[in-house]
Every structure is written in structure tokens, then in C-alpha cells.
Amino acid sequence: MISPARVLGFLDITGAWDPRLAFVMGGGLLVALPFYVITRRRGTALFGGPVTGPASSTIDLRLLGGAAIFGMGWGWLAFAPAPR
Amino acid sequence: MTVDWASFLPVLAGGALIGLAAGSLRLLTGRIAGISGIVHGALRRPERGWQLALLAGLLVAGLIAGMSGLASTEGLANTSFARLAIAGLLVGLGTGLSNGCTSGHGICGLANFSCRSLAAVCTFMVTGIATVFVVRHGIGGWRCRA
């Protein structure tokens, strides 16, 4: 995820599209999912801590605006020049 | 597509390791492995050092991977400070406002079946793709130098 070329390949959907970044996130999600489901069912963590929830549950302008801004920074960084 | 399919295996392995890290953090301590959230938290609301421990582990692992040749160290080496600063500001502001990033929303939030995270992921994907498109192709005759 830190390779600008890899990110650029993924985000440049009208160019030579490189879907591999989606497999990083997808692979991560698939593996994390059972842990999250198990933790939710247990209610407490194995070491006894509380199970933290998300900061809020509303989809508001702050969330969407923030995500939009993050995406812009992400897309901008994708153009970092390759090593010479 | 111009990808080498053999390179998918390390990609999936890397993703699986991220998932294992996030999943084990959740099961062992109940916490959410949203890296941006952890960085924000470490700076604003430090809690008994777990954030620093996690970030230290993340950095050390990356260092080992790079130095051992396991991971390519290409990347941001030749990036101008200005680009890093601008992108960093956008990422910091955006993740602070939306309480998450690709790991926080994209992996942990979706693993929690969060609609909020789904909305966030769709949004940053769209603006990420749009940003690349606009920089690449310009918009309405205006072009910018990326």
C-alpha cells in the first residue's frame, strides 16, 4: 500500500488497471472478519479489555467529507515519482 | 490487464497478514486497528502506550522487511517535500474527520459490518480515482502538473 506505483495502478481505472491493491484490502478483510465476528459474540476481549465500537454511527457530512479529503490525498500521493 | 498473475500471491499474503494483525488485535484487546486512528490517538489521547507499541511494531516490521530485501524499498524516496506535505495534510485532515482510513474503515469497519465504513470506503475510493483521473487527464481543458 505504500508503493505509489501500486496505488496509482489501482486508482487509474481508465489506464492500465492494476487490481492488486483490492486484493490486499480484500485479503485483509477476509482474514479479519472471523476474528471480528468471534469478538463480537464474546463481548469481551481475550485479555479482558472492552470491545471498542466505532466513534459514531451516523453517516454525516463530516464522515463523507473526511473520506473525500483522504481520497484526494491518497490519489495525490500516488503520483510520487518513481526512483530514477 | 497488464498484471503478472504470479505476483498475486505475495499480495494476498500481505493482505492476509494485515488481516491477521487487525483480527488478533481485536480478539486479544478489543481494539480497532485503524492505523490513522491509532496515530491520531497516540498524539491526542495516549492510553497506556498501546498505540506506541503497535506503531513501533509496525515500523520495525517494515524496516526488517525492507532491509532484508523481502519488500521493495522503492516508493517515496524521490518525492518532494512539498508533495509529502500536501498529501500528508489531506490524509491527516481526512482521516481525522472521518475517523478512519483504508485499514480502519476498509478492513476493520467492514469486518464489523459498519454502514458508516462502507460509505467512507466508497467515498475515498471515488475521490482517489477521481483525483488520479483529473491529474492525469485534466478537466475542462485545465491541466495540472502532478
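The values are calculated or read from the model by the stated rules, or taken from the named source; none is laboratory data. What you are looking at is a predicted structure, and each value in this text was computed from that prediction instead of being measured. Glycine gets a Cβ as well: all are built from the backbone with ideal geometry, and neighbour counts include every protein chain shown. Accessible surface areas use protein heavy atoms only, side chains included; no ligands, DNA or RNA. Shrake-Rupley method; radii C 1.70, N 1.55, O 1.52, S 1.80 Å.
For peptide A:11-22, what's the mean number of Cβ atoms from other chains within 10 Å of each residue's Cβ?
Working: counts 9, 6, 4, 5, 5, 3, 3, 6, 4, 10, 3, 4.
Mean number of neighbouring Cβ atoms from other chains: 5.
How much accessible area is lost when chains B and A come together, counting both sides, with a 1.4 Å probe, in Å² rounded to the nearest 100? Walk me through the numbers before you get to the answer.
Working: alone 11080 and 7550 Å², together 12340 Å².
Heavy-atom accessible area buried at this interface is about 6300 Å².
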Taking every residue of B:86-92, the Cβ atoms of other protein chains inside 10 Å of its Cβ average out to 6
So for chain B, averaging the separation of alpha carbon pairs under 8 Å that are six or more residues apart and normalising by length, what relative contact order in percent results? 24 percent
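Report the longest stretch of chain A that contains none of the chymotrypsin sites (Phe, Trp or Tyr not before Pro) sitting in a DSSP loop with at most 16 other Cβ atoms within 10 Å.
Segment A:48-84 is the longest.
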How much accessible surface does residue B:102 have with a 1.4 Å probe, in Å² rounded to 10? 20 Å²
Using DSSP H assignments, which helices in chain B have an axial alpha-carbon span of 18 Å or above and a mean Kyte-Doolittle hydropathy of -0.5 or higher? B:8-29, B:50-67, B:81-98, B:115-137
Within 10 Å of each Cβ of B:32-39, how many other protein chain Cβ atoms are there on average? 2
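Show that you can apply the helix-only estimate: for chain B, add -39,500 (n - 2.57) for every DSSP H stretch of four or more residues, divide by all residues, and state [θ] at 222 nm to the nearest 500. Please report the intermediate quantities before stating the final value.
Working: 5 runs with 91 residues, N = 146.
Helix-only estimate at 222 nm: -21000 deg cm²/dmol.
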How far apart, in nm, are two points set 7 Å out from the Cα along the Cα-to-Cβ line at residue B:86 and at residue B:64? 3.8 nm
On the protein heavy atoms, probe 1.4 angstrom, tell me the percent of accessible surface of chain B carried by carbon and sulfur. 73 percent
Using alpha carbon centroids, what distance separates the range B:22-87 and the range A:1-55, in Å? 14 Å
Ranking by accessible area, most exposed first, for B:137, B:105 with a 1.4 Å probe: B:137, B:105
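Checking a compactness column here: for chain B, what do you get for Rg(Cα) / (2.2 N^0.38 Å), N being the number of residues? Don't skip to the answer; put the middle values down first.
Details: Rg = 17.4 Å, N = 146, 2.2 N^0.38 = 14.6 Å.
For chain B, the normalised Cα radius of gyration comes out at 1.19.
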Positive end of the charge dipole of the protein assembly as shown (Lys, Arg +1 and Asp, Glu -1 on Cβ, about the Cα centre): tell me which of A:19, A:56, B:89 has its Cα farthest that way. A:56
Please grab the % of Cα pairs in the protein assembly as shown that end up more than 21 Å from each other. 58 percent
